[in-house]
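I have placed the structure first, in the form of structure tokens, so that the comments after it can refer back to it.
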Amino acid sequence: MNKIFKYRPLSEFLFKELFYQELYFASYEELNDPLDLSARIEFTSKDKNAIEYLIWFVFKTQFDFDELKKEKNEKITNLLKFNKDKDARKRFVDEIFKNVNIHLQEQEKIWTYDIIKIINNSIENSKTNIVFDSMKFKNELDRITNKFLKNSYVTCFSETNDDFLMWSHYASKHSGICLEFNLENGQTFPYEMKGKRDIDKEKYKERMSEWETTSLIFWDKIRKVNYEDEQPSINFYNFAVVFENEYDCDLIGLSKSWTHKYAQELEWVFSTKTKSWEYENEWRAIEINFDNPKEPEERIRHYPIESLSSVYFGFNTPKKTRNRIYKTLNNKYSEITFFESNLNGTNLIEFSDWEYQEE
């Protein structure tokens, strides 16, 4: 594949995007698939050591420092006693492990509501003297998974430029445009970064002066979207290291090799959608973010104008809009070609050359 396409709706933002050669990376909240850029957590494991970690995580979610300050807090006292009692912990681990295996004989996965039920039953059956607040457990699980699963971003492309539904859904009912980009380095997409201009006060005061700004072009991978029957999930135990190191600067910066496999797994998750979206033939660039959420202006990248090879107008794109887009881009790079859409009474889209004409 040496070309890739991006449908864009008609709005005033479109002209800004074209003028500044912008690509916007959207959050999961901004995408039209409610399952996109998210994944359910599942607790499937047949490893008893994994159950030990689960108990530690449960213990952590139940331990409230504000309650600890209260005198003779029975709930906290019992948690501390339980943590020191090796026999009680072993009985509890064995009971959970037994119930996990019973569940897996009937179901393939263990979801959050399943593990809560298993924990409650195991407390009762093992006569463990602790109070399990499932809401605290779920809230902490939601907080930590939202941080790692819902703070990443994506920009989307397609293999095709002639899909009738794509023009309808993503190009303002055929009033928008479709951009064609050349891919000249395999499955990677080019981005352009401009450095800061050197400050020269004396030069600045001149009536006319010439300046230079360093420009850097780098290529980053894009991934073909896989279409499956079900949305993928994240295993709680496999991501335990991430959950326990949420403030680690190496994890946030993805600067050490141990962090890469977690980013790569999330990239796979975020490039998998259900089969109902298969018609989109989507490719996407994904930015994994283990830090705090980014503001919209921090999620804009710029493509080099040389990578934009063609612009396709929808059959409803107004003439004034076509001319405005042409003048914007032709002033930047005269090698861009322009096409218009034709339907011929069907939902099959054909393209023909478009030439600029003054109104």
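The values are calculated or read from the model by the stated rules, or taken from the named source; none is laboratory data. No experiment lies behind these values; they were computed from the predicted model shown. Cβ sites come from the backbone with ideal geometry, for glycine too, and all protein chains shown count toward neighbours.
Among the residues of segment 225-233, is there at least one that is among the charged types (D, E, K, R), under 30 Å from Lys48 (Cα atoms) and loosely packed, with under 14 Cβ neighbours inside 10 Å? Walk me through it before giving the result.
Step one: of segment 225-233, the residues among the charged types (D, E, K, R) are 228-230.
Adding the requirement that they be under 30 Å from Lys48 (Cα atoms) leaves 230.
Okay, now just the ones that are also loosely packed, with under 14 Cβ neighbours inside 10 Å, so 230.
Taking every residue of segment 225-233 in turn, at least one turns out to be among the charged types (D, E, K, R), under 30 Å from Lys48 (Cα atoms) and loosely packed, with under 14 Cβ neighbours inside 10 Å.
Please determine whether any residue of segment 104-119 is touching a helix residue (DSSP H, G or I) at 6+ places or on another chain (Cβ under 8 Å), assigned to a loop (DSSP other than H, G, I, E, B) and assigned by TED's automatic domain parsing to the domain that holds Tyr7.
Residues of segment 104-119 that are touching a helix residue (DSSP H, G or I) at 6+ places or on another chain (Cβ under 8 Å), as a first pass: 107, 110, 112, 114-116, 118-119.
From what is left, the residues that are assigned to a loop (DSSP other than H, G, I, E, B) are 107, 110.
Next cut, assigned by TED's automatic domain parsing to the domain that holds Tyr7 only: none.
Looking through segment 104-119, none of the residues is touching a helix residue (DSSP H, G or I) at 6+ places or on another chain (Cβ under 8 Å), assigned to a loop (DSSP other than H, G, I, E, B) and assigned by TED's automatic domain parsing to the domain that holds Tyr7.
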Where residues in segment 1-15 are at pLDDT 95 or above and in a helix (DSSP H, G or I), which of them is surrounded by the most Cβ atoms within 10 Å (Cβ to Cβ)?
-> Leu14
Test set (1) modelled with pLDDT of 90 or more; (2) surrounded by 17 or more Cβ atoms within 10 Å (Cβ to Cβ) - Leu37 fails condition number = (1)
If Phe236 passes every condition in (1) in contact (Cβ under 8 Å) with a residue 60 or more places away in the chain; (2) exposed (fewer than 12 other Cβ atoms within 10 Å of the Cβ); (3) of a type outside the set (A, V, I, L, M) but one, which one does it miss?
-> (2)
Sort out which residues of segment 307-359 are free of Cβ contacts under 8 Å to residues at least 40 places away in the same chain and acidic (Asp, Glu), and write them in order of number.
-> Glu335, Glu340, Asp353, Glu355, Glu358
For segment 74-87, does any single residue satisfy the condition of being over 30 Å from Trp283 (Cβ atoms), hydroxyl-bearing (Ser, Thr, Tyr) and at pLDDT 85 or above?
-> no
Selection count where residues are in a helix (DSSP H, G or I) and in contact (Cβ under 8 Å) with a residue 12 or more places away in the chain, scope segment 125-138 = 5
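Specify which of the listed residues (Glu265, Glu278) is part of a helix (DSSP H, G or I), of a type in the set (D, E, K, R) and within 12 Å of the chain's Cα centre (by Cα).
Working: Glu278 fails: within 12 Å of the chain's Cα centre (by Cα).
Exactly one of Glu265, Glu278 is part of a helix (DSSP H, G or I), of a type in the set (D, E, K, R) and within 12 Å of the chain's Cα centre (by Cα), namely Glu265.
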State all residues of segment 314-359 that are out of contact with any His (no Cβ under 9 Å at 6 or more places or on another chain), in a strand (DSSP E or B) and surrounded by 11 or more Cβ atoms within 10 Å (Cβ to Cβ); if no residue qualifies, say none.
-> Thr337, Phe338, Phe339, Glu340, Asn342, Glu350, Phe351
Residue match in segment 112-133 (condition: in contact with a strand residue (DSSP E or B) (Cβ under 7 Å, 6 or more places away or on another chain), at pLDDT 90 or above and either on the phi < 0 side of the Ramachandran plot or not polar (S, T, N, Q) (or both)) = yes
